[in-house]
C-alpha cells in the first residue's frame, strides 16, 4: 500500500496537483501501543507477573526471628493475601486508574524496591553489617519518591504502603512495628516534599529530610543511641549509623534524579521538571515564530498566561498548559501573512474567495502537527495543536461566503447572472478537522485561545464587558459540544472563566487621561520641583521676582521719541 500511495502522489505531482510529499503523521505502531495501553488483558497480565515475582522474592527467604520462618506454604499464602489486597486497592481506587504503562511502572517500582530490601536483609544476616543496619540501610523512600514525581501523590502513597506491608515479611518480628512506622513515615515525607517538583534539587532536599526523619525515628526507638557517644567506642559504633542514614537519603534522591529522564522516555511520562526545560523560549520554532510571525508569538504568550492561571485555579498541570500554549499555533509559520495578527496594511484575503481563505486558515492545524512531528516535540504538545480548535466553525469566512451567495442570488433575480453562478456554501468546508480537546489542559488552552483572540475586538474594555465576553464565548464552546471529552466539570469551567476575566482585566487596564498643559500644549508634564521641593520653589520664585524688578528698572524707549523720529522721516 505504501508503494501505491507513493505512485499516486508521483502522478499527481506530474500533473502539478501535488508536491509529491506525504504529510508527516504518527506511525501505525502508535495505534497498536495505544490499544495495548488500554487493554484489560494486559493489565491482568501485569497483575499476575507481579504476584508471581513477589511470591518468589518474599516466600523463599529464611532467617531467624522472621514471620513464618521455614514455613514456605504459609509464607506463600501470606504473600498471596497481601498481593490480592494491594491489587484490589489499586484497581478500585479511581485516582490510580491510569494507562497500562503506568500500571507497570507502579508495580515494577514496588518490586524493585522489595528486591533491594531483600538483598540488604541478606547482607545483614550474612554478618556483613550489624543487626541494626537491617532497618537503616535500605532505600526506604525509593519507590514512593519515583512514583510521586512521575505519577502523583496517590501513586506515591500507594507504593509507600505496599513496600511497608511486604517488607514486614523480611525483618525480625521484634522490629515489625518500627519497620512499618519508619517506612510509612519516610514514604509520606518523600511524597509530601515532591508534590510539585520543578527542580531536580528538590529531590536532593527530599532525600535529606527523609534521612533526617529516619535518624530521629531510629533515635526514638533506640536503634541509634547518642548517650554512648561520650566514649570512643560509642562514637565508632553510632556515628556510622548516622552517616549511613543521612547518606542513604541523599543517595536515594540522587539516584531518582538520574533515573527520571530514562523513566520518562520509557513510560511516555512528562514531569514538571521536563515541562520547565521545554519552556525555553530559545527553541528553534519559537525563535522563528518571534521573527517571522511576531503577532502570533505575542498571542501565544498571552494565551500561555491565561491558560497557566486557569490551570492553577482548577488544579490542572499549569506547566504543561504554558508550554503547550507556546507551540499551539506554530502552523501559522507556513503562511503568517494570512493571519490578522501578523498583517500590515494589506490583507491577502481580499483577493481570495471565502472558501479558499477558510482552507488556508484551517490548514495551520495540520501544518502545526507536521512541524511538531518533524521537530520531535512532546506528544502532549502535538495533541494540543490538533485539538485546540476542535471541530469549530471558521465563522467569519462562513458568514462572508453566505453574504456573497446572497448577493449572487440577488443578481440572478435581477437577471444579471445565471443560476449556475450561485456558489455552494457547506458548513463542513468551514470547520476544523478536530478532534475536540481530550484532556483538561487541552480544554483550558482551547478556551484561552478563543478568549484572547476575541478580546482584541473590545473597544474601551470595562470589567463587565470583559466578563460578559468571556462567559459568552465559553458557554458557546460548551453548548456546541467542544468540551464534552475534555474532563472539565462545570465547576472547573466557572473557575476558568473567573480566572480569564481577572487576567484580561489586568492586561487590558486603562490609563487616566492626563490634562493638557495650556501653555506648552503637552500632557501632564508637571515640574517635580513644584510638588516635592517647596524650598527650592521659594528660592526660584525670589530669583524670578528679582529679575523682574531689574527688568522694570531698565529705561524703556519713550513712545514720544519714536513718534518724533517717525514725523522727522515723513518730513
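Just so you know, all these numbers are worked out from the coordinates, no wet-lab data involved. Keep in mind it's a predicted model, so treat the numbers as computed, not measured. Here the Cβ is made from the backbone with ideal geometry for all residues, glycine too, and neighbour counts use every protein chain on show.
The Cα center of the range 165-181 and the Cα center of the range 235-249 differ in position by 21 Å.
Packing, taken as the mean count of other beta carbons within 10 Å per residue, orders the peptides 351-362, 179-190 from highest to lowest as 179-190, 351-362. Neighbour counts of C-beta atoms inside 10 Å place 57, 479 in the sequence 479, 57, starting with the fewest.
Just report the Cα centroid separation between the range 452-467 and the range 273-322, whole Å. The range 452-467 and the range 273-322 have Cα centres spaced 22 Å from each other. Listed from fewest to most Cβ neighbours within 10 Å, the set 500, 68, 89 follows the order 89, 68, 500. Descending by average beta-carbon neighbour count within 10 Å, the peptides 38-45, 193-200, 329-336 line up as 329-336, 193-200, 38-45, the highest first. Mean projected area of the convex hull spanned by the Cα atoms of the range 213-316, taken over all viewing directions: 11.8 nm². For the range 235-387, the convex hull spanned by the alpha carbon atoms encloses 151 Å³ per residue. Stokes-Einstein, applied to the Kirkwood radius of the range 157-227 over Cα pairs at a viscosity of 1.567 mPa s and 4 °C, places its translational diffusion at 99 µm² s⁻¹. Extension gain, residue 485-residue 173: 0.36 nm per intervening residue step, less the Cα-Cα distance, totals 107.2 nm.
For the range 38-269, a Kirkwood radius taken over Cα pairs fed into Stokes-Einstein (25 °C, viscosity 0.890 mPa s) yields D = 135 µm²/s. Starting from the Cα gyration tensor of the range 261-341, take the square roots of the eigenvalues, sort them a ≥ b ≥ c, and report rounded, prolate or oblate (rounded when a/c is under 1.5, otherwise prolate if a/b is larger than b/c, else oblate). Here the range 261-341 falls in the oblate category.
Peptides 108-117, 443-452, 139-148 ordered by packing proxy, namely the average of other Cβ atoms within 10 Å per residue, highest first: 139-148, 443-452, 108-117.
Panel note: the C-alpha atoms of the range 364-449, placed on their principal axes, show extents of 58, 25, 15 Å (largest first).
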